[in-house]
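The values are calculated or read from the model by the stated rules, or taken from the named source; none is laboratory data. The structure displayed is predicted, hence computed values, not measured ones. Virtual Cβ from ideal backbone geometry, glycine too; neighbours counted across all protein chains shown.
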Amino acid sequence: MQKLRSLFPHYIQSLLNSYSQIFFSKNIVFACLLVIVTFFDLYAGLSGIIAVTVSNTAAYLIGFNRHNIISGYYGFNSLLVALGLGVYYEPNLQFFAILFFAALLTLLITVVLEGVIGKYGLPFLSVSFLIVIWLVTLAAREFKTLTISERGIFQLNEMYAIGGFTLVRIYEWFDNLNLPEYVILYFRSLGAIFFQYHLFAGLIVAAGLLFYSRIGFMLSVFGFACAYLFYKIIGANITELSYGYIGFNYILSAIAIGGFFIVSSKYSFLWVLLLVPIISILLTSTSTILSIYQLSVFSLPFNIVVLVFLYILKFRERFYLKPEIVAVQQFSPEINLYTQKNNLGRFRNSYIIPIALPFWGEWRVTQAHNGKITHKADWKHAFDFEIADETGMMFNGTGLSLSDYFCYNKPIIAPANGWIEQIYDNIDDNNIGDVNTEQNWGNTVIMRHTDLLFSKISHIKKESIKVEVGAYIKKGDVIANCGNSGRSPQPHIHFQLQATPFIGSKTLDYPLGHYILHKDEKFQLQSYMKPLEGDRISNIEKNQSLYKAYHFIPGQRIKFKVVNEKKHISKDFIWEIQVDVNNQSLIYCETTEARAYFYNDGSFHYFTHYEGSKNSLLYYFYLANYKVMNGFYKDLVIEDIYPLHKTANKILLIAQDFIAPFYIFMKSKFELTYISKKDDFVNSDIEMESKTTIKIGKLITKELKFAITIKDNMIDTLHVQQGDNSFHANRIILE
């Protein structure tokens with residue numbers, strides 16, 4: 001084993017994952033239970049170990065993707081082939097030779113299918129298992145040295161050989177339970193996935209499935225129950241389910257469609273229900289065809305239904321969430337559900353280009369959408385902006401001169417990256433009170449941000465435009481100055497978004513990205529909103545100390561010392577900023593091997609995912625800094641939501657798992673408040689507080705409080721308080 005490990009790293013992990021992958025899992029405990037089940041037939045279990053070892057080692061030596069090998073992708077089909085052959089044939093030298101080449105053939109076909117089916121974004125499932133076990137079964141009829149196994153005839157003798165009288169008594173006790181027919185069929189169908197057709201094997205598989213996934217277990221019961229009722233209702237031959245306990249097709253299809261490849265929801269459960277009759281039709285019809293060649297249907301209906309269903313979903317033009325395809329596979333129906341719901345809430349506007357305000361500083365909205373004066377009909381989705389003082393006045397002096405107005409001649413900036421599409425720059429500014437209705441829009445710049453999104457800024461000062469048609473301009477670049485040209489009685493900026501590049505285009509009802517609302521001496525962050533008339537607003541003003549503190553650079557190393565004075569604990573944690581193979585940025589904790597994934601868009605730092613121990617400092621850092629805006633506004637509150645599986649109590653989470661596809665009764669909330677800022681010549685010392693709150697309704701079940709300090713453009717300290725327990729972490733400068 002040591003030699004094998006040196007030749008092939010991660011051998012044990014790849015072996016176990018090959019077992020659990022049959023249920024779309026990477027859970028080690030579940031995998032160990034499945035290994036035990038396969039050894040209810042000693043030679044089948046041994047054949048499985050050999051076949052997986054052959055496939056995974058060959059995949060490693062040939063040079064296939066290591067991640068796929070470790071995940072068990074290249075091993076689970078060989079495992080199924082080996083279990084089927086191991087149960088059916090007597091073991092001898094010739095058998096193991098054929099097993100070796102069958103495992104190798106399965107690997108080759110698996111890789112081919114990965115390329116052929118995978119290019120359509122589809123999984124290869126157990127298709128290679130079907131191809132190889134049919135081929136070997138047909139070929140073996142000509143192999144005279146292979147003999148059909150008689151194991152299973154004397155089941156109790158075989159149980160005794162494995163576990164003595166204890167295992168025999170357990171087996172008999174379970175086998176003699178006075179259970180309803182459908183319950184027995186369900187458990188035996190679960191065992192049949194591993195070619196073990198007795199109740200005891202099914203019970204162990206069910207226990208492992210329940211441990212791995214509550215949603216997966218519910219789906220297995222739901223899928224089989226729907227099938228059983230369907231057979232009863234239409235008067236189909238119920239013995240079809242007991243023949244080889246082929247009902248596992250309904251179980252695997254339900255898990256795959258109900259919660260693994262599709263986010264578990266009422267829609268995924270509905271589709272499981274609707275697909276049951278189709279599986280039944282396929283099962284009966286393909287069994288009839290294959291019986292001509294004396295072949296079993298095995299998992300063919302499961303493969304056909306799942307692949308067809310996933311493929312047709314790619315052609316939808318609407319209703320993408322009914323049902324919703326899993327975006328990033330987490331190998332757990334629960335985590336898929338919680339993660340995708342969380343991301344849908346956090347990043348529901350990620351497809352929208354964040355449009356900034358076209359100015360610096362604080363301005364007032366003097367006319368919003370559906371304005372009282374000019375924003376009407378096809379041009380109703382627009383904004384007018386002016387600068388006002390504390391009293392609400394827009395000008396100094398008499399207000400009869402353009403220069404009296406605070407906004408006149410102030411810079412206008414690009415609201416997003418884009419190309420200059422059109423420019424009008426030769427129209428005189430009006431005197432105060434006059435309007436130019438012939439040249440309604442006045443001097444104007446139109447920018448193209450995408451092929452269907454353009455911004456238009458009008459009433460610009462004559463000959464102040466600083467860009468040229470065709471130029472690429474970055475967000476925040478100065479493009480012109482505020483003026484009073486066109487239909488404008490006093491200086492202001494007219495700003496609208498439109499789908500075409502023309503000066504008279506209809507407006508789009510499109511939100512602004514992120515901006516600060518100034519209200520009653522307080523600040524509120526507004527994201528993907530449309531400001532109202534009278535609102536005082538500004539872009540987020542970047543604080544350089546905050547920006548630098550959360551601007552993590554790949555290769556950067558960070559060290560913190562954690563001190564818990566109450567428990568007399570002191571421990572160092574060293575982190576490194578990395579970028580993974582998917583180009584995702586992360587903080588890797590060398591001390592605990594935890595990972596916290598993040599991204600920074602210049603305005604915000606976001607943590608997106610956490611992996612590893614919850615006893616790591618990095619976990620608390622992830623919670624405390626879940627979302628941080630790179631601008632300081634005293635007492636401003638940032639809010640967000642955590643994925644439930646990262647924060648909730650394990651016992652309560654198990655209860656939530658069972659009804660999560662239909663209702664989420666727990667909430668996990670993040671809040672960050674900007675407390676104080678002390679400036680010097682080069683940086684700011686900043687204090688912030690954040691909080692993690694888990695609730696059931698209004699009942700708080702868990703609360704953590706954090707205090708964060710920024711000093712010398714770095715995160716200097718983190719204080720954590722949970723109930724009576726607290727600790728603090730101080731940053732240490734690495735030599």
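Quick notes on this structure:
- Criterion applied to 691, 695 was being more than 22 Å from residue 563 (Cα to Cα) and modelled with pLDDT of 90 or more, and the one residue passing it is 695.
Yes/no matrix, rows are residues, columns are (1) at positive phi; (2) of a type in the set (Gly, Ala, Ser):
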position	(1), (2)
235	yes, yes
246	no, no
259	no, yes
263	no, no
283	no, no
295	no, no
309	no, no
314	no, no
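- Scope region 55-90; condition under 16 Å from residue 103 (Cα atoms) and not in a helix (DSSP H, G or I); matching residues: 64, 72, 73, 74, 75, 89
- Residues satisfying the stated conditions in region 703-730, i.e. touching a strand residue (DSSP E or B) at 6+ places or on another chain (Cβ under 7 Å), over 13 Å from residue 624 (Cα atoms) and at pLDDT below 90: 726, 727
- Test: residue in region 632-640 that is under 30 Å from residue 548 (Cβ atoms) and of a type in the set (Val, Ile, Thr): yes
- Residues satisfying the criterion are present in region 368-391 (criterion: within 40 Å of the chain's Cα centre (by Cα), basic (Lys, Arg) and in the same structural domain as residue 431 (by TED's automatic domain parsing)).
- Tally, over region 426-484, of residues that are in a strand (DSSP E or B), in contact with a Lys or Arg (Cβ under 8 Å, 6 or more places away or on another chain) and surrounded by fewer than 19 Cβ atoms within 10 Å (Cβ to Cβ): 1
- All positions within region 59-68 that are surrounded by fewer than 19 Cβ atoms within 10 Å (Cβ to Cβ) and aliphatic (A, V, I, L, M): 61, 62
- Matching entry among 209, 167, 156, 146 (being in a helix (DSSP H, G or I) and either modelled with pLDDT of 85 or more or touching a strand residue (DSSP E or B) at 6+ places or on another chain (Cβ under 8 Å) (or both)): 209
- Of all residues in region 565-583, none are outside any strand (DSSP E or B), surrounded by 15 or more Cβ atoms within 10 Å (Cβ to Cβ) and more than 26 Å from the chain's Cα centre (by Cα).
- Region 308-320, subset among the hydrophobic types (A, V, I, L, M, F, W, C) and surrounded by fewer than 12 Cβ atoms within 10 Å (Cβ to Cβ), residue modelled with the lowest pLDDT: 319
- Boolean, residue 597 is assigned to a helix (DSSP H, G or I), touching a strand residue (DSSP E or B) at 6+ places or on another chain (Cβ under 8 Å), closer than 26 Å to residue 673 by Cα and without any contact (Cβ under 8 Å) to a residue 60 or more places away in the chain: no
- Condition check for residue 268: of a type in the set (S, T, N, Q), crowded, with 17+ Cβ neighbours inside 10 Å and closer than 18 Å to residue 334 by Cβ: yes
- Contact annotation: residue pairs with Cβ atoms under 9 Å, 6 or more positions apart or on different chains, pairing a residue in region 377-389 that is on the phi > 0 side of the Ramachandran plot with a partner that is in a loop (DSSP other than H, G, I, E, B) and not polar (S, T, N, Q), are 377/506.
- Residue tally, condition farther than 20 Å from residue 546 by Cα and in a loop (DSSP other than H, G, I, E, B), over region 683-735: 6
- Checking residue 633 against (1) closer than 13 Å to residue 688 by Cα; (2) aromatic (Phe, Trp, Tyr); (3) touching a Lys or Arg at 6+ places or on another chain (Cβ under 8 Å), the condition it does not meet: (3)
- The residues in region 390-415 that are out of contact with any helix residue (DSSP H, G or I) (no Cβ under 8 Å at 6 or more places or on another chain) and at negative phi can be counted, and the count is 18.
- Condition broken by residue 663, with the remaining ones in (1) part of a loop (DSSP other than H, G, I, E, B); (2) closer than 19 Å to residue 328 by Cβ; (3) without any contact (Cβ under 8 Å) to a residue 24 or more places away in the chain satisfied: (2)
- Condition check for residue 105: at pLDDT 95 or above and assigned to a helix (DSSP H, G or I): yes
- Tally of residues being assigned to a loop (DSSP other than H, G, I, E, B) and closer than 24 Å to residue 541 by Cα across region 394-425: 10
- Residue match in region 510-529 (condition: closer than 21 Å to residue 370 by Cα, modelled with pLDDT under 90 and in a loop (DSSP other than H, G, I, E, B)): no
- Single residue of 517, 532, 508, 525 found to be in the same structural domain as residue 400 (by TED's automatic domain parsing) and touching a Lys or Arg at 6+ places or on another chain (Cβ under 9 Å): 517
- Taking region 374-402 as the range and being of a type in the set (S, T, N, Q) and either within 21 Å of residue 457 (Cβ to Cβ) or crowded, with 19+ Cβ neighbours inside 10 Å (or both) as the test, only 374 passes.
- Contacts under 7 angstrom Cβ, first residue in region 518-531 being under 18 Å from residue 508 (Cβ atoms) and in contact (Cβ under 8 Å) with a residue 40 or more places away in the chain, partner among the small types (Gly, Ala, Ser) and outside any strand (DSSP E or B), 6 or more apart: 531/368
- Residue-level analysis places residue 270 outside the set of residues that are at negative phi and at pLDDT below 95.
- The set of residues from region 398-440 being under 18 Å from residue 364 (Cβ atoms) and of a type in the set (S, T, N, Q) comprises just one member, 409.
- The C-beta contact set for region 108-128 (first residue assigned by TED's automatic domain parsing to the domain that holds residue 60, second residue among the β-branched types (Val, Ile, Thr), distance under 6 angstrom, 6+ apart or interchain) comprises 109/131; 113/127; 124/117; 128/106; 128/109; 128/110.
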